[in-house]
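The structure under discussion appears below in the form of structure tokens.
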Amino acid sequence: MNRQAQAVIMLLFGGAILKACMGDLYLRYVKEGLRPFLIGAGLLLVAAAVMTLWYELRPRRAATAPETGAHHHEPRVGWLLILPVLGLLLVAPPALGSYAAGQAGSVLTAQNSSSDYPALPAGDPVEVAVLDYASRAVFDKGRSLTGRTVRLTGFVTPGPDGEPMLARMVMSCCAADGRPIKVGLDGGDLAGVAPDTWVRVDGTYADRVGKDPVNDADVPYLRVTGWQEIPAPKQQYE
């Protein structure tokens, strides 16, 4: 791989990053707050590629002395850099879904617990994040959920017993550290819903708690009173 080839791949790589940032595609891989840094990185790659091409392709003055060495080439493994470029431009892998949720243990641990859970906002059904519901159900014993109707949004994933569960991937920085939060569903007749289908579920606190077979974490349940299928949201991670 010579310098010109390196510059072309770097140009494509930077362009692919900028293209992903122009819409919502980047949200499948990183947190929303990282968009300015991605744009800056993409612009830097494009600028570096353009400068390299300009330097390599500009007319050269006649050499005053014979050249003593051949052109320098980087290892051929550098061509592998084109794979993520093709992935972003042509394939665009989806956000993590039910398969990833089934392979990883629930993120609900004592680190998510709090000594004080504030009262939920007025008005039922109240929108609650899946992680917030699970934390309140397990660590607060449902005290802040009792008597309230909550609304959770997530995708359907098969549980260990084959029954559908509601899940959402929790991301700290990027998709590489994404882990699922899972909530079991009591009632609602979601047995025929395909995995990865996004749904909005209304329900009330259920005192039933299961176990995630992957890491033995607690899995709280929701008593479903109603649900509807929805398109995948813009931000698919919590």
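The values are calculated or read from the model by the stated rules, or taken from the named source; none is laboratory data. These figures come from a predicted structure and were not determined experimentally. In this analysis, Cβ positions are derived from the backbone assuming ideal geometry, glycine residues included, and neighbour counts consider all displayed protein chains. Accessible surface is based on the protein model in full, side chains and every heavy atom, while ligands, DNA and RNA are left aside. Shrake-Rupley method; radii C 1.70, N 1.55, O 1.52, S 1.80 Å.
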Open item on the list: List the lysines whose Cα sits under 26 Å from the Cα of K141, skipping any in the same chain fewer than 8 residues away.
Closed with: K182, K211
Open item on the list: Starting from the 7 Å offset along Cα-to-Cβ, what nm value, one decimal, do you get for the label separation of A129 and L25?
Closed with: 2.8 nm
- [ ] Leaving ligands, DNA and RNA out of it, report the carbon-plus-sulfur percent of the accessible area of the range 9-62 at a 1.4 Å probe.
- [x] 71 percent
Open item on the list: Let me spell out the model: positive unit charges on the Cβ of Lys and Arg, negative unit charges on the Cβ of Asp and Glu, origin at the Cα centre of the chain. What dipole size does that give, in debye rounded to 20?
Closed with: 960 debye
Task: Computed FRET value (nearest 0.05) for A191 with L34, which takes r as the C-beta separation and R₀ as 45 Å - done: 0.75
- [ ] Report the extension gain between L57 and K234 in nm, rounded to one decimal, defined as 0.36 nm multiplied by the number of residues separating them, less their alpha carbon distance.
- [x] 59.5 nm
TODO: Compute the signed sum of charges (Lys and Arg +1, Asp and Glu -1) over the other residues within less than 14 Å, Cβ to Cβ, of L11.
DONE: +1
TODO: Using label points projected 7 Å from each Cα along Cα→Cβ, tell me how many nm separate D116 and R3, to one decimal.
DONE: 6.3 nm
Open item on the list: What distance in nm lies between label points placed 7 Å from Cα along the C-beta direction at D218 and L81?
Closed with: 5.0 nm
TODO: Among DSSP beta bridges whose residues both lie in the chain, state the antiparallel percentage, nearest 5.
DONE: 85 percent
Task: Ranking by accessible area, most exposed first, for W79, W198 with a 1.4 Å probe - done: W79, W198
Open item on the list: Expected output is a single nm value to one decimal: the length gained when fully extending between D177 and A41, i.e. 0.36 nm times separation in residues minus the C-alpha distance. What is it?
Closed with: 46.9 nm
Task: Rounded if a/c under 1.5, otherwise prolate or oblate - the range 97-238, Cα gyration tensor axes - done: rounded
- [ ] Using a Gaussian network model of the chain whose springs link C-alpha atoms within less than 10 Å, name the residue from G162, G188, G15 with the highest mean-square fluctuation.
- [x] G162
Task: Surrounding net charge for P158, when Lys and Arg each add one and Asp and Glu each subtract one, Cβ distance under 14 Å - done: -3
TODO: Return the aspartates and glutamates within reach of K234: Cα separation strictly under 18 angstrom, same-chain partners fewer than 8 residues apart disregarded; answer none if there are no such residues.
DONE: D24, E32, E127, D196
Open item on the list: Tell me the label only: which of (i) 7, 29, 35, 21, 6, 1, 0; (ii) 7, 27, 32, 24, 10, 2, 0; (iii) 7, 25, 25, 16, 12, 8, 4, 2, 0 is P(r) over Cα pairs in 10 Å bins from 0, in percent as calculated from this structure?
Closed with: (iii)
Open item on the list: What do you get for trypsin sites (Lys or Arg not before Pro) in the range 158-238 restricted to DSSP loop and a cutoff of at most 15 other Cβ within 10 Å of the site's Cβ?
Closed with: K234
